[in-house]
1. Given a Förster distance of 41 Å, report the FRET efficiency between D249 and T28 from their Cβ-Cβ distance, rounded to the nearest 0.05.
2. If you wrap a convex hull around the Cα atoms of segment 137-218, how much volume per residue is inside, in Å³?
3. So for D234, D133, D319, fewest C-beta neighbours within 10 Å to most, what's the order?
4. With only Lys, Arg, Asp and Glu charged, each at its Cβ (+1 for the first two, -1 for the last two), find how big the charge dipole of segment 226-377 is about the Cα centre; round to the nearest 20 debye.
5. Stretched out fully, how many nm does the piece from R369 to R293 gain, at 0.36 nm a residue minus the Cα gap?
6. Give K71/K299; K57/K351; K177/K262; K130/K213; K299/K351 a once-over and call out the pairs whose C-alpha atoms are over 25 Å from each other.
7. On average over all directions, what projected area in square nanometres does segment 9-215 have, based on the convex hull of its Cα atoms?
8. So what are the three principal axis dimensions of segment 226-377 from its Cα atoms, in whole Å, longest to shortest?
Amino acid sequence: MNTQSPIRFESLDLIEPLLKALHAEGYTEPTPIQRQAIPHVLQERDLLGCAQTGTGKTAAFALPILQLLVKKSPAAGSRRKIRTLVLTPTRELAAQIDESFQRYGAHLGLSTAVIFGGVGQGSQVSALRKGLDILVATPGRLLDLIDQGHVDLKGLEIFVLDEADRMLDMGFIHDVKKILKIIPKTRQSLFFSATMPPDIQRLANEILSNPVKVEVTPIATTAEKIDQSVYMVDSKEGKRFLLQHLLQDDNVKMALVFTRTKHGADKVTRFLNSVGVTAEAIHGNKSQNNRVRALDNFKRGDTRVLVATDIAARGIDIDGVSHVINYELPNIPETYVHRIGRTARAGAEGKSYSFCDQEEREYLRDIERLIRQKIRVETNNPFAAGVYVPTKPEKTEERPPRQGGHGGGRGRDSRRPQQRSSSAPRSESRRSEPRTETSQAPRGIGAFAGNARNTSSRQQEPRRPQEARASAPRPQTSSARTGGHGSGSASRGPGSQSASGSSAKPRRPRGGRGRSRGGGGGARSESSSRSEKSPEASGEKKSWWKRLTGSKE
């Protein structure tokens, strides 16, 4: 077939209801992929179609499928069975394909439905129970409903895998293989994609049966009407301000910005909104309602910038996108073709800007090798590598260490000597000085007593001299803890041993009124032993309290 000769849809042997729907949509001439694919599909041949994004692949399989289903309509009164299954990688693409089937088949009376995850399955199950001719689905939700017994594919006649490279190359291959085991072996299979790497092509050839290959352009060739350029930057900060700089141009009416990660999409969206640019994000973590609302706002022009991830690139079919901006270059070269294919659709013109930092130089070389052309480096770049130097944040004053909190403990830094308050010598000396058996007061307490006279009334009142009693010579108890009631023993010195051969350990004195340990008999109570104090210790304690409080007799 001569793809260069002028041809109209009427020459493709399409039935009148389809031609009527095409005229209503304003389509008169088929695209190259449509001119080559439609006749082969009408002949019920398996087909492997490769065409760049935005060239009308959906109509290339939707129009002939609708015509085949009408010619093989089931008997009147019989329950509808799913005769065509279309698998797509994204929810947005599934919804748009379903919409295309409804528009093109408006005068045919066929029933269509779309199922995908992220929403409740109630309405989807209801549509399946009524009977369908065409089902458009994403693999995950389809397998869920098959397991629940809501989907019957025994009567399937046509199987379509759209965006085949993405489906087979990005985690969907296992789901696709499960579905291929469920559907009938005798069927017509159609594979369509914008890119077809050799390994994916080999796998597709194994699934297809004697397929016809339709390739209207070299693999991964970008649209001729897309003006591509790349901006070399040095840092992430340079990318942000470069994006803000480019969006100041009024010619950027509808911009689609792509990032590699969901977190990156949210981060760019927040930045744009903070500088006064209306932007919304669309990615896999967004609920279906949020994604639909963001797309609708973008289509109406309420949102100027739509930030998306790679997986969403396959499902965005919006006319009027003036600019595609690769905020981050994709690490898969074929993804670049899908991204920039969102602009210059249906014969329009568009522009593509790509930001490339030091880590992405290798990605750029892979992309240029795939598309077989050099991307123009933009020279009018105020944030070019080596020109823009990101400003470093000023050093903030080091925060002082935290003191004690409300939790009852003290911060680790508050125990450091160089950061201790005025009362630090007291606590430091108390920890560092060993316990003595002399009657002299500890030096730390004496130092605190010297400072106590100058403290204001708002400071904490000094504690009573409990420490002095602790530092005084420990009196020896006259009773040994033998565990028996009424069994006393004579007082022994520190070096003496009891009858059992163990040394008697003096008990630490306790404050308050003592309780008798003995049960009577000849044992003396501990309270009486603690009440015996030497005159020297009492006199020292008395003079220490005078120095501490400054009182006079």
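1. Values: r = 35 Å, r/R0 = 0.84.
Computed FRET efficiency for D249 and T28 comes out at 0.75.
2. Details: hull volume 7.8 nm³, N = 82.
Hull volume normalised by residue count: 95 Å³.
3. Details: D234 17, D133 24, D319 11.
Exposure proxy ranking, most exposed first: D319, D234, D133.
4. Numbers: 25 positive and 21 negative charges, 53 e Å.
That gives segment 226-377 a dipole magnitude of about 260 debye.
5. Numbers: separation 76, 0.36 × 76 = 27.36 nm, distance 3.75 nm.
The R369-R293 span can extend by a further 23.6 nm.
6. Numbers: K71/K299 36 Å; K57/K351 22 Å; K177/K262 28 Å; K130/K213 36 Å; K299/K351 18 Å.
From the list (K71/K299; K57/K351; K177/K262; K130/K213; K299/K351), the Cα-Cα distance tops 25 Å for K71/K299; K177/K262; K130/K213.
7. Working: hull surface 44.0 nm².
Result: a mean projected hull area of 11.0 nm².
8. Taking the Cα atoms of segment 226-377, the three principal extents are 38, 35, 31 Å.
Since every read-out is calculated from the coordinates, none of them should be taken as a lab result. A quick note: this is a predicted structure, and the numbers were derived from the prediction, not measured. When we count neighbours, we look across all protein chains shown, and the Cβ atoms used for this are built from the backbone with ideal geometry, even at glycine.
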